[in-house]
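The values are calculated or read from the model by the stated rules, or taken from the named source; none is laboratory data. Quick caveat, the model's predicted, so the values are computed rather than measured. Don't worry about glycine lacking a Cβ; one is built from the backbone with ideal geometry, like all the others, and counts go over all protein chains shown.
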Amino acid sequence: MKTKLKLGLFGYGIVGQGLHDVLNSNSGLRAEIARICVKDRSKKRRISMDYFTYDKNDLLNDPEINLIVELIDDADEAFSIVTAAMKKGKNVVTANKKMVAEHLKELVQLQEETNTSFLYEASTCGSIPIIRNLEEYYDNEMLYSVRGIFNGSSNYILSKMFSDGKDFDSVLKEAQDLGYAETDPSLDVDGIDAKYKLIIITLHAYGLFIDPKDVFTFGISNISNYDINYAREKGFKIKLVPTVTKLQDSDIGMHVIPRFISNGKFLYNVDNEYNGVIAEAAFFDKQFFYGKGAGGHPTGSAVLSDISACTYDYKYEYKKKNQQAIKNYSSDLLLEIYLRYHDKSDIKDFNFKSVSEYYYGSKHNFLIGVINLKDLIKIQDKLKSRDIFIVNTGRKFD
């Protein structure tokens with residue numbers, strides 16, 4: 001029998017309101033919002049103020065509230081709320097990918113200790129149910145890789161630069177005006193948001209807890225129209241593609257790097273705020289998931305799916321973690337990259353194994369060469385300040 005849920009909702013922004021809308025449109029779910037905790041006392045709300053409180057303990061200490069839904073921006077405060085709720089025996093649903101990724105091992109352990117349910121489908125790829133699929137449908141399949149477009153904001157920027165010929169700064173401003181990018185867009189355009197989502201997906205795909213600081217991440221903030229034009233001339237689009245891949249034996253490698261995508265590939269036509277995920281394995285080959293990666297209603301719908309799962313006491317079982325088929329995370333992985341640079345001082349620390357192409361121009365230079373991921377990790381902190389852009393060509397090397 002399904003449990004009736006009384007929800008304590010933290011946050012009533014775009015996603016919180018989106019959840020409210022999709023919950024109200026669902027007549028079959030036994031769930032209702034009991035109280036909503038918000039921070040801003042001066043902000044006008046679209047529903048009765050009787051629902052609202054400014055004290056988190058009004059929700060955490062209410063014995064009738066049996067599910068906490070956390071939808072706030074502050075990752076540190078979200079962690080405090082989520083852990084307090086589980087310690088009180090309340091189930092939790094969250095969409096906060098930063099909080100989940102940075103504390104994943106601790107939160108999984110706390111869920112086991114408190115015998116609660118901790119669900120976070122909405123933290124990765126908006127409306128795409130990738131976590132549930134990894135948990136339930138690919139639980140006994142050895143995956144070769146999981147990769148895709150995980151961030152709608154950066155994808156919108158890349159799509160508009162390609163289709164409209166606008167520069168990065170003007171398209172970023174457009175994305176901010178439309179609500180796709182934050183006032184401080186660094187989490188999106190520097191690839192950090194995508195990295196957090198990759199960390200979460202990796203646990204469910206391969207069973208390993210990965211520290212975010214160990215993942216090489218290079219975003220799109222240094223991209224220029226020169227890079228876009230080069231890709232167009234070669235028949236490619238540039239997409240930011242987080243990737244986790246199985247290496248030899250029981251190792252995996254992972255990175256977040258822009259990638260050339262050719263026409264005919266799954267990700268080529270994933271544009272604007274949409275996300276796409278490719279799961280590849282030995283027996284089912286490649287499967288592709290596509291959907292909106294941003295917005296109140298798509299994300300609210302993913303939250304609602306987790307809420308519905310809580311009515312029948314669903315929990316992630318972390319089957320790949322328990323199987324222990326994958327033992328290690330390794331950065332010993334060869335990549336072929338396109339590297340656009342201004343002068344030789346910009347690339348002096350790159351340790352290329354081989355270079356197949358050079359171009360020297362009056363304004364820009366580029367080369368294409370093979371480099372080990374572990375060598376990129378060594379110089380990662382130096383890269384953003386340099387006048388360079390890196391793209392993974394997508395060619396594989398053993």
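Assorted remarks:
- Residue 264 being closer than 12 Å to residue 122 by Cβ and either at pLDDT below 95 or surrounded by 14 or more Cβ atoms within 10 Å (Cβ to Cβ) (or both): no
- Per-region count, the stretch 287-340, residues surrounded by fewer than 21 Cβ atoms within 10 Å (Cβ to Cβ), within 15 Å of residue 132 (Cβ to Cβ) and of a type in the set (A, V, I, L, M, F, W, C): 2
- Qualifying residue in the stretch 53-63 (condition: of a type in the set (A, V, I, L, M), under 15 Å from residue 8 (Cβ atoms) and modelled with pLDDT under 95): no
- First in the stretch 77-90 and farther than 15 Å from residue 104 by Cα, second anywhere and small (Gly, Ala, Ser) and assigned to a helix (DSSP H, G or I), Cβ under 9 Å, 6 or more apart: 90/84
- Residues that are farther than 11 Å from residue 341 by Cα and surrounded by fewer than 16 Cβ atoms within 10 Å (Cβ to Cβ) were ranked within the stretch 359-374; the one that is nearest to the chain's Cα centre (by Cα) is 374.
- Residue within the stretch 269-279 that is among the hydrophobic types (A, V, I, L, M, F, W, C), assigned to a loop (DSSP other than H, G, I, E, B), closer than 20 Å to residue 145 by Cβ and free of Cβ contacts under 8 Å to residues at least 60 places away in the same chain present: no
- Selected residue (criterion: nearest to residue 96 (Cα to Cα)) from residues of the stretch 161-189 that are touching a residue at least 60 places away in the same chain (Cβ under 8 Å) and assigned to a helix (DSSP H, G or I): 187
- When the test is whether a residue is at pLDDT 95 or above and closer than 28 Å to residue 173 by Cα, residue 149 passes it.
- Residue check for residue 209: aromatic (Phe, Trp, Tyr), within 16 Å of residue 335 (Cβ to Cβ), at pLDDT 95 or above and outside any helix (DSSP H, G or I): no
- Complete set of residues in the stretch 5-40 that are of a type in the set (D, E, K, R), within 16 Å of residue 68 (Cα to Cα) and not in a strand (DSSP E or B): 30
- Every residue from the stretch 235-250 that is out of contact with any helix residue (DSSP H, G or I) (no Cβ under 8 Å at 6 or more places or on another chain) and buried (at least 18 other Cβ atoms within 10 Å of the Cβ): 236, 245
- Exactly one residue out of 302, 325, 309 is under 30 Å from residue 90 (Cα atoms) and out of contact with any strand residue (DSSP E or B) (no Cβ under 7 Å at 6 or more places or on another chain): that is 302.
- All positions within the stretch 234-261 that are at pLDDT 95 or above, part of a loop (DSSP other than H, G, I, E, B) and not charged (D, E, K, R): 235
- Test: residue in the stretch 221-228 that is out of contact with any strand residue (DSSP E or B) (no Cβ under 7 Å at 6 or more places or on another chain) and part of a helix (DSSP H, G or I): yes
One line per residue, one yes/no per condition, for (1) within 30 Å of residue 214 (Cα to Cα); (2) in contact with an Asp or Glu (Cβ under 6 Å, 6 or more places away or on another chain); (3) surrounded by 13 or more Cβ atoms within 10 Å (Cβ to Cβ); (4) outside the structural domain of residue 118 (by TED's automatic domain parsing):
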| position | (1), (2), (3), (4) |
| --- | --- |
| 53 | no, no, yes, no |
| 62 | no, no, yes, no |
| 72 | yes, no, yes, no |
| 79 | yes, no, yes, no |
| 89 | no, no, no, no |
| 97 | yes, no, yes, no |
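- Top-ranked residue in the stretch 136-188 [being of a type in the set (Gly, Ala, Ser) and under 24 Å from residue 205 (Cβ atoms); ranked as surrounded by the fewest Cβ atoms within 10 Å (Cβ to Cβ)]: 145
- Subset of the stretch 56-84 that is in contact with a strand residue (DSSP E or B) (Cβ under 7 Å, 6 or more places away or on another chain) and not aliphatic (A, V, I, L, M) - its residue that is nearest to residue 115 (Cα to Cα): 66
- Applying the set (1) surrounded by 11 or more Cβ atoms within 10 Å (Cβ to Cβ); (2) within 30 Å of residue 143 (Cβ to Cβ); (3) not aromatic (Phe, Trp, Tyr) to residue 346 leaves exactly one unmet item: (2).
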